[in-house]
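See below for the structure under consideration.
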Amino acid sequence: MLDNLSGRLTKVMRYLKGEATVTEDNMKQALREIRLSLLEADVNYLVVKEFVAKLRERALGQEVRESLTPYQQVVKLVQAELTRLLGETRKELGRAQRKPGVIMLVGLQGTGKTTTAGKLALFLKRRGDSVLLSSLDPKRLAAEEQLAAVAREVDVPCHRARTDISLERQVPGLLREARETGYDRVIADTAGRLHIDDTLMQELISLKRALNPEEVLFVGDALTGQDAVESARRFNEAVGISGIILTKMDADARGGAALSMVSATGKPIMFMGTGEKPDDLQPFHPDRLAAQILGMGDVLSLIERAEEELDQREAEQVARRMMRNEFTLEDFAAQLTQMTRLGSLQDIMGMLPRMGGKALALQGAELDDKNIVHMIAIIRSMTPQERSRPKLINGRRRLRIARGAGRSVQEVNRLLKGYQEMRKTMGKPMFRRMMKRFDISRKMG
């Protein structure tokens, strides 16, 4: 996620790391590279202009010149500005103020509104809300059938719209049914439409008036960059939105939509879609994504996911071992067996700190889920002593391990190199400061 932008910015930060002090000359070069990185990421040029101006003002100010570690201070400033662009703080989807509390999904065709409706229903269901999905898209072929299939997958009921009367006239019956049945939330999946079609936009305004929703969420495709930003701005002007859901963030290597959306609309990004599975909808944390863009990882989100998918004891063990840098290869193998419950390997490694633009863990390896099985086989081919003391593994032992696992010696080398890089980074002060910043110990409670 946002790999291209992350790689460019971490390269700029490494350039500053070689400087003894922050001067106007080296900052001019660094800011130029930052500006190019953001523009290549399809960030709105006005947003980039403001970002660079604020960064220049702060970076050449007194707070940096007096710093003993200018590199760290500049990284901190860049992270702060990225966090500001992404919305400062997370806006949570609150509890329904009345029953049923309506959430209305709007946006262009093909952005994933229907699948997002199912993901959001599952998110609310896990939070303890009773949810009713409602298809308000009678014009699109098989739209109701698609939402009904999504509803079955997440095990929530689905209300189908009638085609013989207008949607506005159906809304009172829908809300009455939801209220009498006791649903906390109704998620209304509306028809996709172009923001330049005045007739369809007027229909949406009339539907919003009838639904009287607590939340109007614009669903945008992150891969479309500034097109998604412009659409969100126009929808906000015409209909009025309260928040944004960005889909396909897992496939977005640039990040232009995410970094421009809040400035263009004044509305927060509340969720991001990170895959095709029903549970691939994550709350949007500006500070965590900013850290991830700068290669610092998103350890807190990884631990939160572990707390949801694993039991509390397992989650605490993951956190403690990361903080104490006590991972052995035996621990690594045990955690690999749990990874399939936490998401794809690519997603998980994206949450770990980076070095040189690549994931530290398994650096240089293909992040394919089937590799988990291969890596476990390699570790299981080691003796208990080798798992606890990897330095014992010389060339002859590597050959024996490779033959026992049915893999190549190169794969054994990559596994050991990635494991050692991960151990080395977990022992660095910067990693520990990051863990303290996110207050992991208190999080484990």
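The values are calculated or read from the model by the stated rules, or taken from the named source; none is laboratory data. Computed from a predicted structure; not experimentally measured. Cβ coordinates were reconstructed from backbone atoms using ideal geometry, including for glycine residues, and neighbour counts include every protein chain displayed.
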Looking only at the range 71-119, and only at residues there that are out of contact with any strand residue (DSSP E or B) (no Cβ under 6 Å at 6 or more places or on another chain) and of a type in the set (Val, Ile, Thr), the one that is surrounded by the most Cβ atoms within 10 Å (Cβ to Cβ):
74
Taking the range 383-416, which residues are of a type in the set (S, T, N, Q) and assigned to a helix (DSSP H, G or I)?
385, 388, 410, 413
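Determine which member of the set 241, 187, 196 is in contact (Cβ under 8 Å) with a residue 24 or more places away in the chain, surrounded by fewer than 19 Cβ atoms within 10 Å (Cβ to Cβ) and touching a helix residue (DSSP H, G or I) at 6+ places or on another chain (Cβ under 8 Å).
Numbers: 241 fails: surrounded by fewer than 19 Cβ atoms within 10 Å (Cβ to Cβ); 187 fails: surrounded by fewer than 19 Cβ atoms within 10 Å (Cβ to Cβ).
Of 241, 187, 196, the one residue that is in contact (Cβ under 8 Å) with a residue 24 or more places away in the chain, surrounded by fewer than 19 Cβ atoms within 10 Å (Cβ to Cβ) and touching a helix residue (DSSP H, G or I) at 6+ places or on another chain (Cβ under 8 Å) is 196.
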Which residue out of 406, 343 is outside the structural domain of residue 252 (by TED's automatic domain parsing), at positive phi and modelled with pLDDT of 70 or more?
406
Of the residues 147, 122, which single one is touching a residue at least 60 places away in the same chain (Cβ under 8 Å) and buried (at least 20 other Cβ atoms within 10 Å of the Cβ)?
122
Filter the range 399-412 down to the residues that are more than 37 Å from the chain's Cα centre (by Cα) and of a type outside the set (A, V, I, L, M, F, W, C) and list them by number.
400, 403, 404
Quick one: in the range 244-264, of everything that is buried (at least 21 other Cβ atoms within 10 Å of the Cβ) and polar (S, T, N, Q), which residue is farthest from residue 294 (Cα to Cα)?
247
Some residue of the range 75-83 being without any contact (Cβ under 8 Å) to a residue 12 or more places away in the chain and basic (Lys, Arg)
yes
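Wholly within the range 136-236, which helices (runs of 4 or more DSSP H) include no fewer than the required count, namely at least 2 residues that are under 15 Å from residue 114 (Cβ atoms) and modelled with pLDDT of 90 or more? Before the answer, list the steps.
On the way: elements: 143-154, 167-181, 198-211.
So the answer is 143-154.
In the range 199-233, which residue that is within 17 Å of residue 267 (Cα to Cα) and β-branched (Val, Ile, Thr) is surrounded by the fewest Cβ atoms within 10 Å (Cβ to Cβ)? Show your work before the answer.
First pass over the range 199-233, keeping only residues within 17 Å of residue 267 (Cα to Cα): 213-222, 225-233.
Narrowing further to those that are β-branched (Val, Ile, Thr): 216, 219, 229.
Numbers: 216: 23, 219: 29, 229: 26.
The qualifying residue surrounded by the fewest Cβ atoms within 10 Å (Cβ to Cβ) is 216.
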